[in-house]
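Everything on this sheet refers to the single structure shown next.
The values are calculated or read from the model by the stated rules, or taken from the named source; none is laboratory data. In this text, all values refer to a predicted model and were calculated from it rather than measured experimentally. Positions of Cβ are backbone-derived with ideal geometry, glycine not excepted, and every protein chain shown enters the neighbour counts. The protein model used for the area step is the full one, side chains on, heavy atoms only, and it has no ligands, DNA or RNA in it. Shrake-Rupley method; radii C 1.70, N 1.55, O 1.52, S 1.80 Å.
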Amino acid sequence: MLCTLHTLLASHEKREREDIMPAQYDLTQTAFMFSFFVNAASAVQGTSAQLAQFLDKVLGTGGTWSAGKNSYTINGLIQQQGSQLIGSDWQIGWGPAIFRPSTSGYPDNAMAVLYSPSQDTYVVAIAGTDPNSPYDWLFEDLKVGPNAMVNFPITNFSAAPTGGAANAGTAQITLGTALGVYNLLQNMIDQDGNTASLVSYLSGLVPVKSTAKIIFVGHSLGGALSATLPLQLLSMIKNWGWTAKGGGVYAMPTAGPTPGNAAFAAMWNKQFPATPVQNTASGNQVTSLNVPIANSRDVVPHAWTNIYAKTQVPQSPVYFYDYQEKLFQGTTTLQTLTVTLANVPNSLNKLATEIYAVATKASTNGAGAGAATLGALTWLSDTSPITYWNGTAFATYTLPTGNVTTLDAFKQVLGTIHVWQYFPFFGITTSTLPYPIVTTAKALASQETA
């Protein structure tokens with residue numbers, strides 16, 4: 001059900017750069033850029049070390065990356081727009097690191113820490129779902145339900161969490177979220193092929209300024225993980241010099257599904273109260289940390305609490321509603337917050353019926369888990385058309401006005417909103433992003449089929 005960030009890779013020669021570069025990004029804009037670009041390896045295959053090397057060049061200063069017989073020229077985010085990021089002095093402090101099970105050639109989790117000395121700020125950027133990874137979909141995304149919950153905080157890291165019965169009397173997170181946290185803390189591999197410990201790195205940090213910050217960011221699955229991981233770490237790192245000397249720990253999750261139950265949400269709300277950010281740019285609606293951001297028409301943050309109802313709930317809108325089987329008229333429809341899904345009469349194409357079955361099952365699982373949204377969750381409204389990257393250039397996308405009858409068309413609706421509509425929320429002009437990242441068309445095509 002969860003959608004992921006679209007790949008940042010482009011299969012063509014580097015496009016002409018616009019003459020006018022964006023004005024300097026503020027703190028939340030900069031953090032969101034890292035949150036977005038940490039997903040760049042989602043369409044790339046290789047060993048964990050190779051994928052970490054790739055992501056290091058994407059986030060950093062670019063350069064040449066090789067995998068197998070192919071070589072690629074990469075334009076790095078800091079290389080291309082480092083002077084536009086707040087402070088203009090960002091560098092990679094830890095990682096990047098990758099978790100990739102032996103059953104997959106793609107990264108299932110990716111994470112990196114970026115640091116600005118002038119801001120005394122660290123951004124822990126966590127990737128979302130890799131659409132090419134069955135592990136991500138089947139385990140970290142969809143493991144939720146009345147028998148798929150894990151007590152929080154996690155206290156045993158000797159083996160991966162297995163999940164158990166939902167218990168409203170104790171703080172719990174979904175099994176999928178727990179597996180993600182476990183992998184981020186136990187199974188990440190760096191560029192040299194070694195296990196990389198985020199706990200060890202963070203434990204050694206000491207704030208320099210009174211405004212020092214560690215900000216956890218992530219989008220989609222990364223939104224759930226970036227909300228949960230800092231709370232887990234605060235329970236694990238004893239006598240942490242960072243917090244003891246006044247350093248702040250914050251989260252800025254975007255587009256994330258609900259990570260836990262009501263008791264977990266209460267714990268999170270107490271630890272992470274909304275904290276205003278000074279000097280945010282004009283047009284940026286994200287003016288505080290510890291405020292999860294969601295698009296009101298994005299399906300992902302509606303999981304696992306606002307998925308389906310027979311009729312719409314105005315005070316807490318659900319994404320899917322009003323399923324109608326008009327048997328005598330031969331039509332069946334399912335309403336969503338974006339478009340109307342419909343079966344094709346006298347056809348095997350039964351999109352409305354199939355999505356209805358998925359939505360009701362997800363809704364039942366969420367209710368059985370006792371899922372509850374984080375208290376500060378803020379719903380923002382999008383506009384159409386949406387500017388997005390179509391693989392060769394930036395283009396505009398307008399939502400369909402008629403019934404949607406194919407899964408591919410519905411996936412385009414979901415993905416475009418889930419990824420690209422968040423940039424306007426941050427006041428970032430999408431067309432100024434440093435695209436493409438990979439500029440060797442022939443090599444990229446060879447890599448994708450390797």
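Which order do the peptides 60-67, 115-122 come out in when sorted by mean C-beta neighbours inside 10 angstrom, highest first?
Result, highest mean first: 115-122, 60-67.
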**Prompt:** Of L348, P301, T332, which is farthest along the charge dipole of the chain in the positive direction, counting Lys and Arg as +1 and Asp and Glu as -1 at C-beta?
**Reply:** P301
**Item:** Spin-label pair M236/N269, simplified geometry with 7 Å Cα→Cβ offset, distance in nm
**Value:** 2.7 nm
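Which is the longest run of the chain containing none of the GluC sites (Glu not before Pro) found in DSSP loop states (not H, G, I, E, B) with at most 12 other C-beta atoms within 10 Å?
My reading of the result: 19-450 is the longest stretch.
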**Complete:** For the chain, the dipole about the Cα centre with charges only on Cβ (Lys and Arg +1, Asp and Glu -1), to the nearest 20 debye, works out at 460 debye
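Rounded to two decimals, what ratio of Rg to Rh does the chain give with C-alpha atoms and a Kirkwood Rh?
0.96
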**Asked** Using +1 on the beta carbon of Lys and Arg, -1 on that of Asp and Glu, and nothing else charged, what's the dipole of segment 324-445 about the Cα centre, debye to 20?
**Response** 160 debye
**Asked** Put +1 on the Cβ of each Lys and Arg and -1 on the Cβ of each Asp and Glu in segment 40-131; which of S102, V124, Q80 then has its Cα farthest toward the positive end of the dipole?
**Response** S102
**Request:** Would you mind estimating how fast segment 388-436 diffuses translationally, via Stokes-Einstein at 4 °C and 1.567 mPa s with the Kirkwood radius over Cα pairs, in µm²/s?
**Result:** 108 µm²/s
**Message:** Given the whole protein assembly as supplied and a 1.4 Å probe, what does the accessible area of T383 come to in Å², nearest 10?
**Reply:** 90 Å²
**FRET efficiency estimate (nearest 0.05) - Cβ-Cβ, A357 to S118, R0 60 angstrom** = 0.70
**Carbon and sulfur %, accessible surface of segment 97-243 computed with the full protein complex present, 1.4 Å** = 50 percent
**Complete:** In whole angstrom, the spacing between the Cα centers of segment 136-201 and segment 76-107 equals 23 Å
**Fill in**
Note: T398 to S104 extended length (0.36 nm per residue) minus current alpha-carbon separation gives 102.4 nm
**Message:** Need one number: nm distance between label points at T162 and K310, each 7 Å from Cα along Cα→Cβ, rounded to one decimal.
**Reply:** 4.0 nm
**Asked** For segment 216-282, what are the per-bin percents of Cα-Cα distances with bins 10 Å wide, up to the bin holding the maximum?
**Response** 19, 48, 29, 4
**Request:** Find how much the distance from T61 to T170 grows on full extension, using 0.36 nm per residue of separation minus their present alpha carbon separation; answer in nm with one decimal.
**Result:** 34.7 nm
**Message:** Using the Cα centre of segment 180-306 as the reference point, and only Cβ charges (+1 on K/R, -1 on D/E), how large is the resulting charge dipole? Debye, rounded to the nearest 20.
**Reply:** 400 debye
**Message:** Among the listed pairs K209/K245; K213/K270; K350/K411; K57/K411; K143/K361, which have their C-alpha atoms separated by more than 20 angstrom in this model?
**Reply:** K57/K411
